[in-house]
Amino acid sequence: MTGESAALPLLQMALRVEHDIFVIRQRGREVAAVVGLEHQDQVRIATALSEVARDLLRTTGGADVSFHIDAAADSRFHLRADLAPVSPLPDGRYEPQSGAVSRLVDTLSVSTVDGVTVVRMSRRLPASAPMPTPARLAEFRTELGRTAPSSALEELTVQNAQLIAALDEVRSQRDELAVLNEELAETNRGVLALYNQLTEELEETNRGVVALYAELDEKSAQLRAASESKSRFLANVSHELRAPVTAIIGLGRLLTDSASDPLTDEQGRQVDLIRSSAADLLGLVNELLDLAKAESGRIEPDLADVDLRPVFGQLRGTLRALATRPEVELVVEEPAAPALLRTDEVLLGQVLRNLLHNGLKFTERGEVRLRARQHGDRWHFEVSDTGPGIAPDLHDRIFEEFYQVPGATRVGGTGLGLPYARRLVTLLGGTLELTSAPGQGSTFTVSLPVGGM
Ligand code: ADP
């Protein structure tokens, strides 16, 4: 654009009397249409023009109006209308009568150009508007020069048509809004129904959970009672059995005593059988009694600072008598000094003896080994053997009372040793775990806290 053709207005007109307001409005719309503003924008700028023109006619007695095309900073083109008042603006300021005017255009301000004060408004052209080259601007001017201003009546007709169109639009928007509102209300009702349903389901579930808990409490009370009566029964029965069994053993001993009348060989063999059976029975009864005692909480650990080395020395001594197979070596490793632990020495001794005894019972060749290591604040006691091993799916079961691995070589026993050992370890604040697989031996690990339970 050359300076001259850019500076040249597209159209100029004068505002002096009331009728000019109509003309300015009409021509403003024509200019907007020619330069490519969309229909809505044409109406907007025409309305803003007529409002401002009305204000200026009232306050300054008129204005000279001109239309231009500007390239703005955002490299988009704007249609600009300048209204230069014929007398100074009151206080040099312009406030539109209707505040809504400024919303109809992109800018509305008072500017001073070459010492002349103008009320200036502009509206951005859409990207689809024709590029305002000098040739095109010249065309615009010619076109606008051709159309003569129509009468106020014609302008009124046009305005009426626009008003009707605007009303239509408002009505259709209101209808749309009503539909949307209805949809919203429907959705609300749905959400509310869903919410109510969920609340109900939640309450139902809650009631179920409460009932379940009550049942669970009842069941665990029953279980506790059953377990207590089982322990009581075991303790009573074993206690009652102990006296007659001990009597049988004593009587047997009397019968075979050298001071008694001599027995025939056959009688001697039968009495020996009675004595050994009674001894087995006494063993079982004692184990049952121990377990019942441990279960009923009647064993109270007697904690003291224990040096493991003498404990291990004693185990080595007493178990050597049980290691009768020459193919099996019993190894009790000396714990590294200082081997101190706060625990019940007697109970710990019973547990380790029990595990070592099992190892010796079930191992046919190789070794049974006990070793102790300190890991942080715990002592780990490992009793490992090179025996048949135990399938992983039985690792829990062998800790159940009376359970013995089916098909394993029967070497005596009751199935009470491991459950008892685990009870004692638990009483001492520790754990008893097993690592084993068939053909790979077994390792029982007792883990106890260094400082006691
Ligand atoms: P018991 O030894 O009196 O049968 P336990 O409770 O001590 O009872 O052991 C239960 C079962 O676990 C044993 O009968 C045996 O089948 C299995 N078991 C225990 N220790 C070992 C071991 N070191 N190696 C293989 N099997 C074992």
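For the reader, a short list of remarks on this structure follows.
- Verdict on Arg80 being out of contact with any helix residue (DSSP H, G or I) (no Cβ under 9 Å at 6 or more places or on another chain), among the basic types (Lys, Arg) and buried (at least 18 other Cβ atoms within 10 Å of the Cβ): yes
- Residues that are out of contact with any strand residue (DSSP E or B) (no Cβ under 9 Å at 6 or more places or on another chain) and touching a residue at least 24 places away in the same chain (Cβ under 8 Å), drawn from the stretch 37-52: Glu38, Val43, Thr47, Ser50, Glu51
- Residue selection: Pro406 satisfies the criterion of being exposed (fewer than 13 other Cβ atoms within 10 Å of the Cβ), out of contact with any strand residue (DSSP E or B) (no Cβ under 6 Å at 6 or more places or on another chain), at pLDDT below 90 and more than 19 Å from Val368 (Cβ to Cβ).
- Checking Thr157, Thr147, Thr112 one by one, the residue that is in contact with a helix residue (DSSP H, G or I) (Cβ under 7 Å, 6 or more places away or on another chain), under 30 Å from Gln97 (Cβ atoms), among the β-branched types (Val, Ile, Thr) and modelled with pLDDT under 90 is Thr147 and no other.
- Some residue of the stretch 341-355 being in contact (Cβ under 8 Å) with a residue 12 or more places away in the chain, within 16 Å of the ligand (Cβ to nearest atom), surrounded by fewer than 18 Cβ atoms within 10 Å (Cβ to Cβ) and more than 19 Å from Val446 (Cβ to Cβ): no
- Verdict on Val210 being at pLDDT below 90, of a type in the set (A, V, I, L, M) and over 30 Å from Leu49 (Cβ atoms): yes
- Restricting the stretch 302-340 to residues that are under 49 Å from the mean Cα position of the chain (by Cα) and under 14 Å from Val446 (Cβ atoms), the residue that is surrounded by the most Cβ atoms within 10 Å (Cβ to Cβ): Leu308
- Residue match in the stretch 374-382 (condition: within 22 Å of Leu319 (Cβ to Cβ) and either over 44 Å from the mean Cα position of the chain (by Cα) or in a helix (DSSP H, G or I) (or both)): no
- Any hit, the stretch 272-293, residues being exposed (fewer than 11 other Cβ atoms within 10 Å of the Cβ), in contact (Cβ under 8 Å) with a residue 40 or more places away in the chain and under 27 Å from Leu348 (Cα atoms): no
- Within the stretch 122-136, not a single residue is closer than 15 Å to Leu56 by Cα, crowded, with 17+ Cβ neighbours inside 10 Å and touching a residue at least 24 places away in the same chain (Cβ under 8 Å).
- The sole residue among Leu448, Leu418, Leu434 that is closer than 14 Å to Asn354 by Cβ and out of contact with any helix residue (DSSP H, G or I) (no Cβ under 7 Å at 6 or more places or on another chain) is Leu434.
- When the stretch 384-401 is filtered for residues that are hydrophobic (A, V, I, L, M, F, W, C) and part of a loop (DSSP other than H, G, I, E, B), the ones remaining, listed by number, are Ile390, Ala391.
- Some residue of the stretch 220-243 being part of a helix (DSSP H, G or I), among the aromatic types (Phe, Trp, Tyr) and within 33 Å of the chain's Cα centre (by Cα): no
- Residue selected from the stretch 402-441 under the condition more than 8 Å from the ligand (Cβ to nearest atom), outside any helix (DSSP H, G or I) and in contact (Cβ under 8 Å) with a residue 60 or more places away in the chain, by the criterion farthest from the chain's Cα centre (by Cα): Leu428
- When the residues of the stretch 384-393 are filtered to those that are more than 8 Å from the ligand (Cβ to nearest atom) and either over 25 Å from Val331 (Cα atoms) or not small (Gly, Ala, Ser) (or both), the one that is surrounded by the fewest Cβ atoms within 10 Å (Cβ to Cβ) is Asp393.
- Exactly one residue out of Leu370, Leu360, Leu303, Leu330 is within 16 Å of the ligand (Cβ to nearest atom), out of contact with any Cys (no Cβ under 6 Å at 6 or more places or on another chain), touching a residue at least 24 places away in the same chain (Cβ under 8 Å) and under 30 Å from Ala235 (Cα atoms): that is Leu360.
The values are calculated or read from the model by the stated rules, or taken from the named source; none is laboratory data. Model, not experiment: these values are computed from the prediction. FYI the Cβ positions are ideal-geometry reconstructions off the backbone, even for glycines, and counts take in every protein chain you see.
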